[in-house]
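The structure appears right after this line, and notes come after that.
The values are calculated or read from the model by the stated rules, or taken from the named source; none is laboratory data. Only a predicted model underlies this, so the values are computations on that prediction, with no experimental measurement involved. Positions of Cβ are backbone-derived with ideal geometry, glycine not excepted, and every protein chain shown enters the neighbour counts.
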Amino acid sequence: MKFEALKIQLGAAMQAQAFGEGVRARHEVKFIGLVKDKSVLVTLPFHEGQALWLAPGKVFVLRGFDGTHAYAFNTQVIRARANPFHYVHFSWPLEIECQTVRKSRRLTISLPAQIVLPDNNTVEVIMLDLSVSGSMLDSATPLGEVDEHARIEFAVNLDGTITTLKFSVVIHNVKEKPDGTGFHIGVGFEEVAQNERLILHYFIDSVAQDAR
């Protein structure tokens, strides 16, 4: 796919990873524009509140999600700028790795999570499956009624880096377990930021591939 065929919105989150420096070198940036066939413009990466000044020619991998496709491409720094704000020109990508994301992909998993109820009480649960749109939870308590809201917090491991995800959920269904030890609760994810959705896609895909 050509870069201009991707439906990347202005301000969309991307991850910039210095080539050869591993997952810990990933930085969140935002897409701010393009000069067709010449350069891709993104905000300058920051680390601990300081802008990272990027040397021309340094190679990066830029990754993102445009709502339909997870994409990645190699690119080189052309020039970094400080005015009128911190941003960087990356070279126009000649080749893009692109995967159409199947929203229906659901990963069978056993992952601890914490539900924060509206009264701020917390309940420890186990996620029995996971997709970008929701999860089935194993809980000792019902958590609430159908259509009620709560928050979920859970950690994922991406190539040795632990990232904690937090967002709202809505309860879709509540079923008591046959053995009477608790409940299976289906929840849908709400208000998932684009970068969090991208992390979910990467995590689900990587676990699914490792299981093959």
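Can you tell me which of Leu34, Leu44 is hydrophobic (A, V, I, L, M, F, W, C), at pLDDT 85 or above and over 27 Å from Asp159 (Cβ atoms)?
Details: Leu44 fails: over 27 Å from Asp159 (Cβ atoms).
None of the others qualify; the one that does is Leu34.
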- From the options Gly64, Gly33, Gly20, residue that is without any contact (Cβ under 8 Å) to a residue 40 or more places away in the chain and either part of a strand (DSSP E or B) or more than 18 Å from Glu97 (Cα to Cα) (or both): Gly33
- Query: Do the conditions hold for Thr141, that is, is it in the same structural domain as Gln194 (by TED's automatic domain parsing) and in contact with a helix residue (DSSP H, G or I) (Cβ under 6 Å, 6 or more places away or on another chain)?
  - Reply: no
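Where in the stretch 103-212 are there strands (runs of 3 or more DSSP E), lying wholly inside it, with at least 2 residues that are polar (S, T, N, Q) and surrounded by fewer than 18 Cβ atoms within 10 Å (Cβ to Cβ)? Spell out how you get there, then give the answer.
Details: elements: 107-116, 122-130, 134-139, 149-158, 161-176, 183-190.
Qualifying strands (runs of 3 or more DSSP E): 107-116, 161-176.
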- Query: When you look at Ala12, is it closer than 16 Å to Arg197 by Cα, of a type in the set (A, V, I, L, M) and surrounded by 18 or more Cβ atoms within 10 Å (Cβ to Cβ), yes or no?
  - Reply: yes
- Any idea which residue in the stretch 47-61 is modelled with the lowest pLDDT, counting only those that are part of a strand (DSSP E or B) and either farther than 18 Å from Ile78 by Cα or in the same structural domain as Glu196 (by TED's automatic domain parsing) (or both)? His47
- Residues located in the stretch 81-92, provided they are under 14 Å from Phe31 (Cα atoms) and surrounded by 12 or more Cβ atoms within 10 Å (Cβ to Cβ): His86, Tyr87, Val88, His89, Phe90, Ser91, Trp92
- Unmet criterion (only one of (1) touching a residue at least 40 places away in the same chain (Cβ under 8 Å); (2) in a strand (DSSP E or B)) for Thr75: (1)
